[in-house]
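This report refers to the structure that appears directly beneath it.
The values are calculated or read from the model by the stated rules, or taken from the named source; none is laboratory data. Predicted model only: the values in this text are computed from it and were never measured. Cβ placement follows ideal geometry from the backbone for every residue including glycine, while neighbour counts extend to all protein chains displayed. Just the protein is used for accessible areas: all its heavy atoms, side chains included, with ligands, DNA and RNA removed. Shrake-Rupley method; radii C 1.70, N 1.55, O 1.52, S 1.80 Å.
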Amino acid sequence: FTKQSGLLMIFGATGDLAQRKLFPSLYRLYKKGRLSENFACIGIGRREWDTERLKQHIFESIANEQGNTEEKQEFIKLFYYHSLDVSQKESSYHELRELADTLDSQYDLKGNRLFYLAMAPEYFGSIATRLKEDGLTETPGYKRLVIEKPFGHDFESARQLNDQLRKSFSEDEIYRIDHYLGKEMVQNIEVIRFANAFFEPLWNNHYIANIQITSTETLGVEDRGRYYENSGALRDMVQNHIMQIVSLLAMEPPIKLSTDEIRSEKVKVLRALKPIKDDEVDNYFVRGQYGAGEMNGELVPSYREENMVADDSNTETFVAGKLLFDNFRWAGVPFYIRTGKRLGEKSTQIVVQFKDVPMNLFYRTEEKLNPNLLVINIQPEEGITLHLNAKKGGKTPVQLSFLTSKYDRFNTPEAYERLLFDAMRGDATNFSHWDEVALSWKYTDVISRAWEREPAANFPNYPSGSMGPVTADELLAKDGFHWWPVI
Ligand code: BG6
């Protein structure tokens, strides 16, 4: 990899994301020698800090990273602070532009600029507009906009936001973050599928019975009640992360591994999603909300008792659903998804369940054969496991397992480290294209509208620490399947 140069401007530099993910990721890139000497960063925040205060803050945010104090001191020299209240119309971006121009000549940055919006989504549009109006995007180098989720609240608001961004940045210059696309094993889906001779021929409705994607969390809503009340699990996890995983699993092989080719295959398969009719939502999707319960021996409150959450909240903290595709490869194969908070395990995994062999020759010794499973473990363990029927001291099935790491990798800087580096080098493959975002919103909007129309009568309907409401099991049972346990 070549070393990256340019000016990174982080809006929201005093915020949580910058502290937990962005600074540690930048530091790792720095330590790996991936930032050239022509790199600098401006942290932008509302607080009246100065550069010294920001440096101190960054130093603290990388306290747990490897490396000695001198290295860390050298690293924080690359940062500058600029105070700007983006909520005020009259705020001046001119001084920011002057600082950017000064750093440009000081570090010989060749006018390359990456604007990273790590802040409340209501400001995404206006910041992009001001960046252009106040001349920050007039630059001889590249200009790119990295934008955090949520990208809109539904299709209509996402379209409006997109239209506004597109007045200042072209689609090629917009990098919509979906941090799941930075995860090692999510990136590995394409490798597993397209670099191995034995999966791709079986990867269709002739051989696959169903595919299950489970992403469970043990944490509750924490201090994000205000955001989550307006979001819920469908918007928070399904519309983005889960739909991205589904599209990587279901897409056709691209003709080459270029950004455009991969994205166009993902878009194509999302277009093939069988739309759900307004009055059929209950046949395909179920929702849940956590009640109080016991987690690791400790009693935890129900969702409705959390901060900034309404006593009669209709917000779902759990979703399970069945997606179908109307195309030759997948017709008839359900893709089951489930995700939720306050569940018994923290885990993300994909299970590909193959169809049964045509008949059981072993019925005398084995009552029933187990279906072959390919399990892709995304977190906490990373790897793949194949479940096979074989004779092993009289016992079946056996598992062929390749699990690479066991340590905690949840939402770790590694995903951000990759994505930041990709944005710097102009590789948008692992970011969501507008067409993908639009199609997923259109798909989930039908579901959220139905759920808003008809508030759930039985919330809370699963205790904390369980694996969700029974309706999630019934969803598969009526097709003759069951969820494979998370590992
Ligand atoms: C975020 C959601 O996008 O993903 C959070 O907003 C969720 O609610 C998080 O907790 C899960 O990410 P990870 O990497 O921990 O699985």
Report task. Please tell me if residue 416 is in contact with a Gly (Cβ under 6 Å, 6 or more places away or on another chain) and crowded, with 21+ Cβ neighbours inside 10 Å. Result -> no
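State yes or no: is residue 276 surrounded by 14 or more Cβ atoms within 10 Å (Cβ to Cβ) and either modelled with pLDDT under 95 or in contact with a strand residue (DSSP E or B) (Cβ under 9 Å, 6 or more places away or on another chain) (or both)? Walk me through how you get there before you give the answer.
Values: surrounded by 14 or more Cβ atoms within 10 Å (Cβ to Cβ): yes; either modelled with pLDDT under 95 or in contact with a strand residue (DSSP E or B) (Cβ under 9 Å, 6 or more places away or on another chain) (or both): yes.
It is true that residue 276 is surrounded by 14 or more Cβ atoms within 10 Å (Cβ to Cβ) and either modelled with pLDDT under 95 or in contact with a strand residue (DSSP E or B) (Cβ under 9 Å, 6 or more places away or on another chain) (or both).
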Requested in this report: Pairs only if they're at least six apart or on different chains, beta carbon under 6 angstrom, first in region 210-228 and charged (D, E, K, R), second away from the ligand (no atom under 12 Å from the Cβ); list them, first residue then second.
Outcome: 226/308
Query raised in the report: If you check residue 210 against the conditions, is it outside any strand (DSSP E or B), open to solvent by less than 60 Å² (accessible area, probe 1.4 Å) and more than 12 Å from the ligand (Cβ to nearest atom)?
Result: no
Requested in this report: Among the residues of region 307-345, write down those that are open to solvent by 30 Å² or more (accessible area, probe 1.4 Å) and within 14 Å of the ligand (Cβ to nearest atom).
Outcome: 342, 345
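For region 237-301, give me every one of the helices (runs of 4 or more DSSP H) that falls completely inside it and has 3 or more residues that are more than 30 Å from residue 313 (Cβ to Cβ). Talk me through it step by step, then tell me what you get.
Values: elements: 243-250, 259-271, 281-284.
Answer list for region 237-301: 243-250, 259-271.
Regarding region 179-202, can at least one residue be identified that is within 16 Å of the ligand (Cβ to nearest atom) and outside any helix (DSSP H, G or I)? Spell out how you get there, then give the answer.
Of all residues in region 179-202, those within 16 Å of the ligand (Cβ to nearest atom) come to 179-189.
Imposing the further condition that a residue be outside any helix (DSSP H, G or I) reduces the set to 183.
Within region 179-202, one or more residues are within 16 Å of the ligand (Cβ to nearest atom) and outside any helix (DSSP H, G or I).
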Query raised in the report: Any residue at all in region 138-154 that is within 14 Å of the ligand (Cβ to nearest atom) and surrounded by fewer than 15 Cβ atoms within 10 Å (Cβ to Cβ)?
Result: no
**Report entry** Any hit, region 404-413, residues being outside any loop (DSSP other than H, G, I, E, B) and either away from the ligand (no atom under 16 Å from the Cβ) or at pLDDT 95 or above (or both)
**Finding:** yes
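Of all residues in region 114-173 being of a type in the set (Ser, Thr, Tyr) and assigned to a helix (DSSP H, G or I), which is nearest to residue 240 (Cα to Cα)?
Taking region 114-173 as the starting set, the residues that turn out to be of a type in the set (Ser, Thr, Tyr) are 116, 123, 126, 129, 137, 139, 142, 157, 168, 170.
Narrowing the set further to residues that are assigned to a helix (DSSP H, G or I) leaves 123, 126, 129, 157.
Numbers: 123: 20, 126: 23, 129: 25, 157: 15 Å.
This residue is 157.
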Query raised in the report: In region 218-270, which residue that is among the hydroxyl-bearing types (Ser, Thr, Tyr) and within 16 Å of the ligand (Cβ to nearest atom) is most open to solvent (accessible area, probe 1.4 Å)?
Result: 227
